[in-house]
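S.K.: Okay, handing you the structure first.
The values are calculated or read from the model by the stated rules, or taken from the named source; none is laboratory data. Predicted, not measured: the structure shown is a model, and the values here were computed from it. Reconstructed Cβ throughout: ideal geometry from the backbone, glycine too, with neighbour counts over all protein chains shown.
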């Protein structure tokens, strides 16, 4: 085989000779420029994503006022009604329930790991949390369907119905178990590793001098945490919670599998919901012949992107102050 | 016992309880998946593609999804690596510590990291439709590469920044250029961390369903070209669980177990590998 025969090989050989001719300094300079050029990619990608979704969502924004889309209650694509309100509420309800369930135990475990735990405990728990963060969303969904939904159906719903059913927030009108609470529990476990990791970093960033000063004047360890450490870290902890919520907002498959997918504005944690992510996953890619349908779905995607960018931007800026480096 | 000591022990108990709860959930998830999936596992799952009537409970396996997932995640990871390694090296060792450009790039990467995978999927499908590409292995690989890019770059970036700068300075003092220092010293020193970053991104890619839902499609055959649709394990789980037949649902559980074991394997594999490669680093 003579590699010179193909034009590509000839070109490659020439290119190699050209590279060899470059001095070491020039190679360095060119590589530096190329690397610098490549680092524009993330920023370009964020902008392109935003613009592409905006362009595709534009037809529906032209056809209907944004306010009507955001507050519209009915979703009937065949009749040209694209009310996103039930889906926005679905997303907010599921996220809120998930965060309400996740935040207290996450903060407590993060503080425990940062302040009390022995190094051995930390080296055991850290990989387990990484593992929890690495489990695919679909597997969480399977867990939700197999374990959480029946638990909600057979235990939580009857219990709440018996003792707290008179409060509308806990009213049980949905006997299937698929609903906001099931979605919230699954999501809470999913965001836990994130919230714990960030809170842990933030708490660890408090200088030891503060703790020593507090302990030296006779405070207990919990008092030290309560009065010396936590006030320092509050903005960072809030940023961590915000980041966790943005994770929860965007979660798709696991939520889709357990949340019931009924396009109605929920009023109780046992009601089914239909979050924006599930709306896109269930409908995009099919039936795109209906006018404005794909445009409406991409508006939903654009909204998710916008929410995520705001949440992420704010929390990153806050976190940056704490650790001197950004936490993803 | 004083009140504050009682408060201390109450909160300590709560903290230990919470940690137990979080770790316990992990155990519970793994137990559930094993208990549900193990009975449905058999050799045919790994060696056969779905046969006729598979989705009604007939013969067949999920080889198409296993191979498809490996293709998709493998291709996506390779592509993401090509882009993220130079970026991470640039951010980590070319620019000054307090560079404004580097913080902008990191912020953009963090924003990208947080973008929901369903948005990546919708965006990818939009672009593919504009270019006239149909749901295919290629589309799935491209979208997974975008999804993995920020994860891999940020993980590599953190690792490279943790490297002591004395080593670089020594190389530079000997007359090596920046490029030579980066390629010969930085990459070798941080090899364990870089491997972890690559496998982390691979794990994220292989487990993601929402991004490949529209872009890679689903098929019962093993793709033989980049332009054919490809099945994936997460979607195999999702679709089989969605059928009304218990036999098929059983296989969905089995597919979930296969996926989980694969993820555990990647996770432990990366720890083992990075410990092994760590022997070549100077400490």
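S.K.: Can you tell me which residues in the stretch B:91-110 are more than 17 Å from residue A:44 (Cα to Cα) and either within 8 Å of another protein chain (Cβ to nearest Cβ) or in contact (Cβ under 8 Å) with a residue 24 or more places away in the chain (or both)?
M.R.: B:92, B:93, B:94
S.K.: Go through the residues of the stretch A:300-322 one by one and say whether even a single one is in a helix (DSSP H, G or I), more than 11 Å from every other protein chain (Cβ to nearest Cβ), touching a residue at least 40 places away in the same chain (Cβ under 8 Å) and touching a strand residue (DSSP E or B) at 6+ places or on another chain (Cβ under 7 Å).
M.R.: no
S.K.: Can you tell me which residue within the stretch B:249-283, out of those that are without any contact (Cβ under 8 Å) to a residue 40 or more places away in the chain, within 17 Å of the chain's Cα centre (by Cα) and closer than 19 Å to residue B:35 by Cα, is surrounded by the fewest Cβ atoms within 10 Å (Cβ to Cβ)?
M.R.: Going through the qualifying residues, I end up with B:265.
S.K.: Could I ask something else about it? Do the conditions hold for residue A:244, that is, is it more than 11 Å from chain B (Cβ to nearest Cβ), touching a helix residue (DSSP H, G or I) at 6+ places or on another chain (Cβ under 7 Å), buried (at least 23 other Cβ atoms within 10 Å of the Cβ) and closer than 27 Å to residue A:313 by Cα?
M.R.: Considered against the rule, which asks whether it is more than 11 Å from chain B (Cβ to nearest Cβ), touching a helix residue (DSSP H, G or I) at 6+ places or on another chain (Cβ under 7 Å), buried (at least 23 other Cβ atoms within 10 Å of the Cβ) and closer than 27 Å to residue A:313 by Cα, residue A:244 comes out as no.
S.K.: Given the conditions (1) more than 30 Å from residue A:289 (Cα to Cα); (2) under 24 Å from the mean Cα position of the chain (by Cα); (3) surrounded by fewer than 23 Cβ atoms within 10 Å (Cβ to Cβ), report the number of the one that residue B:149 does not fulfil.
M.R.: (3)
S.K.: Quick one: would you say residue A:182 is within 30 Å of residue A:161 (Cβ to Cβ) and at pLDDT 90 or above?
M.R.: For residue A:182, the condition - within 30 Å of residue A:161 (Cβ to Cβ) and at pLDDT 90 or above - is met.
Yes/no matrix, rows are residues, columns are (1) more than 9 Å from every other protein chain (Cβ to nearest Cβ); (2) at pLDDT 90 or above; (3) surrounded by fewer than 24 Cβ atoms within 10 Å (Cβ to Cβ); (4) under 30 Å from residue A:289 (Cα atoms):
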{"residue": "A:82", "(1), (2), (3), (4)": "yes, no, yes, yes"}
{"residue": "A:85", "(1), (2), (3), (4)": "yes, yes, yes, yes"}
{"residue": "A:107", "(1), (2), (3), (4)": "no, yes, yes, no"}
{"residue": "A:120", "(1), (2), (3), (4)": "yes, yes, yes, no"}
{"residue": "A:126", "(1), (2), (3), (4)": "yes, no, yes, no"}
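S.K.: Inspect the stretch A:248-260 for any residue being crowded, with 19+ Cβ neighbours inside 10 Å, part of a loop (DSSP other than H, G, I, E, B) and more than 10 Å from chain B (Cβ to nearest Cβ) and give the result as yes or no.
M.R.: Checked the stretch A:248-260: at least one residue is crowded, with 19+ Cβ neighbours inside 10 Å, part of a loop (DSSP other than H, G, I, E, B) and more than 10 Å from chain B (Cβ to nearest Cβ).
S.K.: Also, I was wondering about something else. Only one of (1) within 14 Å of chain A (Cβ to nearest Cβ); (2) in a loop (DSSP other than H, G, I, E, B) is not met by residue B:219, so which one is it?
M.R.: It is condition (1) that residue B:219 fails.
S.K.: Of all residues in the stretch B:227-248, how many are within 14 Å of chain A (Cβ to nearest Cβ), assigned to a loop (DSSP other than H, G, I, E, B) and more than 18 Å from the chain's Cα centre (by Cα)?
M.R.: 4
S.K.: Now for a separate question. Go over the candidates A:96, A:114, A:100 one by one and state the one that is surrounded by fewer than 24 Cβ atoms within 10 Å (Cβ to Cβ), more than 18 Å from the chain's Cα centre (by Cα), within 30 Å of residue A:222 (Cα to Cα) and at pLDDT 90 or above.
M.R.: Criteria check complete, one pass: A:114.
S.K.: Do we have any residue at all in the stretch A:193-211 that's more than 31 Å from the chain's Cα centre (by Cα) and either under 24 Å from residue A:259 (Cβ atoms) or within 14 Å of chain B (Cβ to nearest Cβ) (or both)?
M.R.: no
S.K.: How many residues are buried (at least 16 other Cβ atoms within 10 Å of the Cβ), in contact (Cβ under 8 Å) with a residue 60 or more places away in the chain, touching a helix residue (DSSP H, G or I) at 6+ places or on another chain (Cβ under 7 Å) and in a loop (DSSP other than H, G, I, E, B) if we restrict to the stretch A:147-178?
M.R.: Residues meeting the conditions: 2.
S.K.: A follow-up question, please. Report those helices (runs of 4 or more DSSP H) wholly inside the stretch B:122-212 carrying at least 3 residues which are within 11 Å of chain A (Cβ to nearest Cβ).
M.R.: B:137-162, B:191-207
S.K.: Shifting gears a bit: Got a number for residues in the stretch B:198-241 being under 30 Å from residue B:93 (Cα atoms) and either free of Cβ contacts under 8 Å to residues at least 60 places away in the same chain or in contact with a strand residue (DSSP E or B) (Cβ under 6 Å, 6 or more places away or on another chain) (or both)?
M.R.: 1
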